[in-house]
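Taking it in order: structure first as structure tokens, then the write-up.
The values are calculated or read from the model by the stated rules, or taken from the named source; none is laboratory data. Please read these numbers as outputs of a predicted model, since none were measured by experiment. Cβ atoms come from the backbone with ideal geometry, glycine included; neighbour counts cover every protein chain shown.
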Protein chains: 2
Amino acid sequence: MGAALTPNETEVLALLRGANGPMTAYQLLGRMQRNGGAVAPPTVYRALKGLEEAGVVQRIETLRAWAVVTSPVPGVVAICDDCGAVRSVEAQGVFEGLHQRLAAEGFAEARQTIEVHGRCGDCTGGQT
Amino acid sequence: MGAALTPNETEVLALLRGANGPMTAYQLLGRMQRNGGAVAPPTVYRALKGLEEAGVVQRIETLRAWAVVTSPVPGVVAICDDCGAVRSVEAQGVFEGLHQRLAAEGFAEARQTIEVHGRCGDCTGGQT
DNA sequence: CAGATATACGTTATAGTATAACATAACACA
DNA sequence: TGTGTTATGTTATACTATAACGTATATCTG
């Protein structure tokens with residue numbers, strides 16, 4: 001099974017789970033400071049690193065922020081530029097197609113990042 | 001046609017074209033300072049913004065660096081973690097599949113980012 | 001021409017993101 | 001007891017990006 005989380009990792013994970021979207025490392029830091037006194041950036045970044053390696057959080061590259069992983073398989077991160085909502089959309093076929101395409105080039109992928117900006121269904125109001 | 005580039009944009013683009021891979025904004029800044037004396041970060045970032053809007057450069061999110069766009073259509077950015085090579089791989093089918101998948105969710109995408117880390121063909125030596 | 005607007009650029013300062021390096025504490029266990 | 005390992009604390013700094021304001025130049029227009 002996955003290794004147990006450390007206290008700091010547990011705290012960071014709880015904060016991210018309690019948020020309704022990604023948080024930046026310094027937002028997490030601020031929360032931890034209000035909770036627990038003196039906390040410095042490395043504490044947060046170390047926790048995020050551990051959680052990322054455990055596969056339970058991921059960095060949203062285009063937002064420079066961190067979010068909990070909501071899907072057991074890799075997802076496409078869909079970011080609404082209107083309302084800020086961030087969703088992970090399962091898209092096995094897309095990842096599979098990507099793998100095939102890169103394998104054909106001789107590229108052995110280790111980590112795929114797919115992020116999309118646009119407007120979510122709520123914000124387009126059904127408009128195409 | 002596309003708007004003409006400003007002198008600063010032209011200089012930044014030339015530097016990126018002359019590089020054999022992505023450069024960070026501050027690497028560009030260093031080069032410009034050695035060329036032209038006093039240059040400050042906003043000069044570089046403004047040029048990068050203009051070039052990005054013109055579609056001739058792009059930010060490689062996972063590297064926090066900037067590269068020239070080498071393909072007329074959006075490409076998958078394949079980054080070798082061994083040798084550092086960065087290639088843009090055309091993958092129309094992948095982008096199309098991504099579009100279909102998101103459209104089905106009611107999401108209207110404006111910008112897609114696909115970056116993959118791993119090992120390029122040269123570094124795997126043909127191994128699967 | 002005077003004045004208004006727009007564009008590019010310069011300049012200073014600061015905000016925001018991330019890591020290096022070294023010190024300490026607590027625990028496991030030979 | 002001593003030794004190694006893991007997690008954490010602490011200080012400082014590096015790296016990335018933007019805000020805000022000032023200046024110069026060109027263009028348009030009354």
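In the set B:Val39, B:Val77, only one residue is more than 12 Å from chain A (Cβ to nearest Cβ) and at pLDDT 95 or above; that residue is B:Val39. Among helices (runs of 4 or more DSSP H) entirely within region A:2-116, having at least 2 residues that are closer than 29 Å to B:Ala85 by Cα and away from DNA strand D (no atom under 16 Å from the Cβ) singles out A:92-104. All of (1) within 11 Å of DNA strand C (Cβ to nearest atom); (2) touching a Ser or Thr at 6+ places or on another chain (Cβ under 8 Å); (3) away from chain B (no Cβ under 14 Å) hold for A:Tyr45 with one exception: (2).
In region B:114-127, of all residues being among the small types (Gly, Ala, Ser) and at the interface with chain A (Cβ under 8 Å from one of its Cβ atoms), the one that is nearest to A:Ala78 (Cα to Cα) corresponds to B:Gly118.
Could you go through region B:8-26 and let me know if any residue there is without any contact (Cβ under 8 Å) to a residue 60 or more places away in the chain, within 30 Å of A:Cys123 (Cα to Cα) and within 12 Å of DNA strand C (Cβ to nearest atom).
No, region B:8-26 contains no residue that is without any contact (Cβ under 8 Å) to a residue 60 or more places away in the chain, within 30 Å of A:Cys123 (Cα to Cα) and within 12 Å of DNA strand C (Cβ to nearest atom).
Among the residues of region B:80-113, those identified as in contact (Cβ under 8 Å) with a residue 40 or more places away in the chain and facing chain A (nearest Cβ under 8 Å) are B:Cys80, B:Thr113. What number goes with the only condition from (1) at positive phi; (2) within 16 Å of DNA strand C (Cβ to nearest atom) that A:Gly55 does not pass? Here A:Gly55 meets the rest and fails (2). If you go through region B:63-94 and keep only what is crowded, with 16+ Cβ neighbours inside 10 Å and of a type in the set (Ser, Thr, Tyr), you end up with just B:Ser88.
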